[in-house]
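Take a look at the structure below.
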Amino acid sequence: MLEIRNLCVETDGKPILKGINLSVKAGEVHAIMGPNGSGKSTLAHVLSGRDGYEVTAGEVLYQGVDLLDRAPEERARDGVFLAFQYPVEIPGVSNVYLLKAALNAVRKQRGEEELDAMDFMAYVREKLKLVEMDESFLSRAVNQGFSGGEKKRNEILQMAVLEPRLAILDETDSGLDIDALRIVAGGVNSLRTPERSMILVTHYQRLLDYIVPDHVHVLANGQIVRSGGRELALELEEKGYSWINQAGAAGGEARP
Amino acid sequence: MTTATDPYHALVNREYSEGFVTDIESETLPPGLDEDVIRVISAKKKEPEFLLNWRLEAFRHWQTMREPRWASVHHAPIDYQALSYYSAPKSDADRPKSLDEVDPELLRTYEKLGIPLREQEMLAGVIGGNVAVDAVFDSVSVATTFKKTLAEKGIIFGSFSEAVQTHPELIEQYLGSVVPVGDNFFAALNSAVFSDGSFCYVPKGVRCPMELSTYFRINQANTGQFERTLLIADEGSYVSYLEGCTAPQRDENQLHAAVVELVALADAEIKYSTVQNWYPGDAEGKGGIYNFVTKRGDCRGDRAKISWTQVETGSAITWKYPSCVLRGNDSIGEFYSVALTNNAQQADTGTKMIHLGRNTSSTIISKGISAGKGHNAYRGLVKVGKGAEGARNYTQCDSLLIGDKCSAHTFPYIEVQNPSASVEHEATTSKISDDQLFYCMQRGLDAEDAVSMIVNGFCKEVFRELPMEFAVEAQKLLGISLEGSVG
Ligand SMILES: Nc1ncnc2c1ncn2[C@@H]1O[C@H](COP(=O)(O)OP(=O)(O)O)[C@@H](O)[C@H]1O
Ligand SMILES: [Mg+2]
């Protein structure tokens, strides 16, 4: 599904990612953990095609094809989805309008017919249930006046509607109380399929109690310094990031 | 009422003995403007004497006036003596022979708007007997159905010239009663030489059963550059009027100076919606239309209400301030506006709310969008007279900038002579952020669709005032007008 090889990225001339290697197969859930500023969001942004980053070395293959050359909207239509750490507000644009435009863009790419308003509503109602959102959310302006938890749930709703092949969830757990976390995780779990891959970016292992990953990687100073199974997250929880930082500073190697 | 015609005809013949008569036959006057030209126009239209005198008075006024200099727009000087002031539809020689000769940019826009080929030909002014005739037939039949329904309610609706013949007393009573002949330079010029336009009278207590639109849309295509519209809503009546056409129109006339007068008597309501999409010219503004319009509504009776809703995306230069005179007690004025300028377009637009009656209230929502090198100014006056006890105004002016070569300016003028008045003004300027764009693109929208969606969101408060069908067209139009402004 996704092959990241020796990915090096700079922004404003400052190296952020320093040789990332990561291989994600169809149906796998990978967690990427790491302290603030370690480059997690940078990785998510580069994969989804955000401006402002320079790839200085390495490559990324998505379904066997070079990903980094492509425009962000092409990646999105082709199944790459990013749940944003900070979802933006778009005043005056209703949630349902954005959802429908997005879904139809994706469907067009897949060679499917665009949904009309009726079919779309029926489709969306089902998806709303997954994240326990009320229909009134649809008519509100995108993220405007949403609480932190509502914004994150809205991201998962979009993911449910767009049915991506590769979903990257950037700190989807941050700022959530325990109920909201349970709902969001439930939504994500229901979207786990043998075809769909996910990358969970998180600072805390808490999320991983709800969404159990197949692999856990630790990112520090722009490198994956440790990789392992679920237990790595628990170890991290116990020992904290300072332990990793030291390992990183001591030239700790990635052990995939 | 046509008795006055003959003497003028004679006069015309005398004054223009050299070749002019044949010119009259061919329905076009040579360039230039003087009193005789006005007499010819009036005679050609078989106007009653009061109207000729009114035109002449306007002309005399105009001669003493100067073009306004204060608007925040710039253009090369207009040579008023180089224009022709009476001209039937363009002569075939000037018109494209087929769509192949029409600016491909324009055609692309028509296609995007989903306009049928034949209508495209009509809008682009292509020669072709069939098309024109069909269009006329269409409009005649539509007009007839409309007229029957309207006539049953006692509503008078049709071209201005027609109304001059059939209801001269209404014209004499109301024409110029809202926008006097000497009101401003362009209004005076229009009053002197106006060609045609629309007239509507809704009798007491009648609610006009349809949006007055389709008919006008077809009827309007060739009304020319000096359009005159007069709408009267008698006591307790209601009318919603849609002006304009959402397809960009090609026109040889560079200067457009229209006047619209609305009169709402007690308890009457007029809703006037415009989508203005004149040709803005090429990327440098060349060939675009100068649109200098005077629009004013008079809430002449108590509890009268007038709403202006406008979406302005066209013209090289727009100069336009739809206004309300809130004369009746408890009368209400509203102004909802979206003005978009892209490339080299300039817009100086806004409104005037003149509070004269007690407990009058007004709302102004203005959304200015500038892209490319566009230059957008909001100019608004809220005036509260001495007697306007308890007057209230709320003004909200939002500007949205796309790119960094465009500009937006806000000039709010507030004059309050009554201490009990409450006047509130809010203004914001924002940019479409990279975060917003990326968010939409990450959901699969391309940059242009993303911008268009964000802009439409920005305009929502105005669009929801438009009749449904118009709103949909206006949204599409904004998207098209913004093409090429990002990426
Ligand atoms: N646009 C930017 N310009 C300059 N530095 C940036 C930019 N974005 C991120 N950074 C820096 O890159 C590093 C990694 O940031 P980020 O990827 O957001 O980390 P994380 O998501 O792991 O907290 C940080 O040091 C941050 O300050
Ligand atoms: Mg982050």
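State which residue is farthest from B:Lys352 (Cα to Cα) when the search covers only segment B:408-434 and only residues that are touching a residue at least 60 places away in the same chain (Cβ under 8 Å) and open to solvent by 50 Å² or more (accessible area, probe 1.4 Å). The extreme case among them is B:His409.
Within segment B:324-357, the set of residues being modelled with pLDDT of 90 or more and among the polar types (S, T, N, Q) comprises B:Asn329, B:Ser331, B:Ser337, B:Thr351.
For segment A:17-35, the criterion of being out of contact with any Lys or Arg (no Cβ under 8 Å at 6 or more places or on another chain), more than 19 Å from A:Thr202 (Cα to Cα), within 16 Å of ligand 1 (Cβ to nearest atom) and open to solvent by 30 Å² or more (accessible area, probe 1.4 Å) is met by at least one residue. Yes or no: segment A:44-52 includes at least one residue that is farther than 30 Å from A:Val216 by Cα, touching a residue at least 60 places away in the same chain (Cβ under 8 Å) and either open to solvent by less than 20 Å² (accessible area, probe 1.4 Å) or within 16 Å of ligand 1 (Cβ to nearest atom) (or both). No; the residues of segment A:44-52 include none that is farther than 30 Å from A:Val216 by Cα, touching a residue at least 60 places away in the same chain (Cβ under 8 Å) and either open to solvent by less than 20 Å² (accessible area, probe 1.4 Å) or within 16 Å of ligand 1 (Cβ to nearest atom) (or both).
Within segment A:139-176, the set of residues being within 16 Å of ligand 1 (Cβ to nearest atom) and assigned to a loop (DSSP other than H, G, I, E, B) comprises A:Glu171, A:Thr172, A:Asp173, A:Ser174, A:Gly175. Pick from segment A:172-212 the residues that are of a type in the set (D, E, K, R) and under 18 Å from A:His30 (Cβ atoms): which of them is nearest to ligand 2 (Cβ to nearest atom)? Checking each candidate, the answer is A:Asp173. Which residues, counting only those in segment A:82-138, are assigned to a strand (DSSP E or B), within 16 Å of ligand 1 (Cβ to nearest atom) and open to solvent by 50 Å² or more (accessible area, probe 1.4 Å)? Residues satisfying the conditions do not exist here. The residues of segment B:455-473 that are away from every other protein chain (no Cβ under 13 Å) and not in a helix (DSSP H, G or I), listed by number, are B:Glu465, B:Leu466, B:Pro467. B:Tyr321 meets all of the listed conditions (1) open to solvent by less than 10 Å² (accessible area, probe 1.4 Å); (2) modelled with pLDDT under 95 but one, namely (1). Out of all the residues in segment A:128-144, which are out of contact with any Leu (no Cβ under 9 Å at 6 or more places or on another chain) and either in contact (Cβ under 8 Å) with a residue 40 or more places away in the chain or within 13 Å of chain B (Cβ to nearest Cβ) (or both)? Listed by number, the residues that qualify are A:Glu132, A:Ser139, A:Arg140, A:Ala141, A:Asn143, A:Gln144. A:Glu171: more than 25 Å from B:Phe463 (Cβ to Cβ) and at the interface with another protein chain (Cβ under 10 Å from one of its Cβ atoms), yes or no? The answer is no for A:Glu171.
Listed by first and then second residue, the pairs linking a residue in segment A:81-105 that is within 14 Å of A:Ile156 (Cα to Cα) to a residue that is among the hydroxyl-bearing types (Ser, Thr, Tyr) and outside any strand (DSSP E or B), with Cβ atoms under 6 Å apart and 6 or more places separating them unless they lie on different chains, are A:Leu82/A:Ser48; A:Ala83/A:Thr172; A:Gln85/A:Ser41. Just so you know, in segment A:1-41 the residues that are over 16 Å from the mean Cα position of the chain (by Cα) and basic (Lys, Arg) include one that is farthest from ligand 2 (Cβ to nearest atom), and it is A:Arg5.
Counting only helices (runs of 4 or more DSSP H) wholly contained in segment A:198-249, the ones carrying 1 or more residues that are surrounded by 16 or more Cβ atoms within 10 Å (Cβ to Cβ) and modelled with pLDDT of 90 or more occupy A:206-210. Checking each residue in segment B:362-407 for being among the hydrophobic types (A, V, I, L, M, F, W, C) and surrounded by fewer than 22 Cβ atoms within 10 Å (Cβ to Cβ) picks out B:Ile365, B:Leu381, B:Leu401, B:Ile402. Considering (1) among the polar types (S, T, N, Q); (2) modelled with pLDDT under 90; (3) touching a Leu at 6+ places or on another chain (Cβ under 7 Å), the lone condition that A:Ser174 does not fulfil carries the number (3).
Out of A:Phe84, A:Phe120, report the one residue that is in contact with a helix residue (DSSP H, G or I) (Cβ under 7 Å, 6 or more places away or on another chain) and within 8 Å of chain B (Cβ to nearest Cβ). Only one candidate qualifies: A:Phe84. Of the strands (runs of 3 or more DSSP E) lying entirely inside segment B:385-454, the ones with 1 or more residues being within 14 Å of chain A (Cβ to nearest Cβ) and more than 27 Å from the chain's Cα centre (by Cα) are found at B:422-431.
State yes or no: is A:Glu59 over 24 Å from A:Arg206 (Cβ atoms), in contact with a strand residue (DSSP E or B) (Cβ under 9 Å, 6 or more places away or on another chain) and either open to solvent by less than 60 Å² (accessible area, probe 1.4 Å) or within 16 Å of ligand 1 (Cβ to nearest atom) (or both)? Against the criterion (over 24 Å from A:Arg206 (Cβ atoms), in contact with a strand residue (DSSP E or B) (Cβ under 9 Å, 6 or more places away or on another chain) and either open to solvent by less than 60 Å² (accessible area, probe 1.4 Å) or within 16 Å of ligand 1 (Cβ to nearest atom) (or both)), A:Glu59 does not qualify. Each residue in segment A:102-114 was checked for being touching a helix residue (DSSP H, G or I) at 6+ places or on another chain (Cβ under 9 Å) and away from chain B (no Cβ under 14 Å), and 1 pass. Within segment B:170-201, the set of residues being part of a helix (DSSP H, G or I), of a type outside the set (A, V, I, L, M, F, W, C) and open to solvent by 10 Å² or more (accessible area, probe 1.4 Å) comprises B:Glu172, B:Gln173, B:Tyr174. Taking the criterion of being more than 16 Å from ligand 2 (Cβ to nearest atom) and within 14 Å of chain B (Cβ to nearest Cβ), the residues of segment A:42-75 that qualify are A:Gly49, A:Asp51, A:Leu67, A:Arg70, A:Ala71, A:Pro72, A:Glu73, A:Glu74, A:Arg75. Summed over segment A:125-171, the residues that are more than 19 Å from A:Thr193 (Cα to Cα) and either touching a helix residue (DSSP H, G or I) at 6+ places or on another chain (Cβ under 8 Å) or within 16 Å of ligand 2 (Cβ to nearest atom) (or both) give a count of 21.
The values are calculated or read from the model by the stated rules, or taken from the named source; none is laboratory data. This one's a predicted model, so the numbers in the text were calculated from it and none came from an experiment. Quick reminder, even Gly has a Cβ in these numbers, built from the backbone with ideal geometry, and neighbours come from all protein chains shown. Remember, those area values only see protein heavy atoms, side chains included, never the ligands or the DNA or RNA. Shrake-Rupley method; radii C 1.70, N 1.55, O 1.52, S 1.80 Å.
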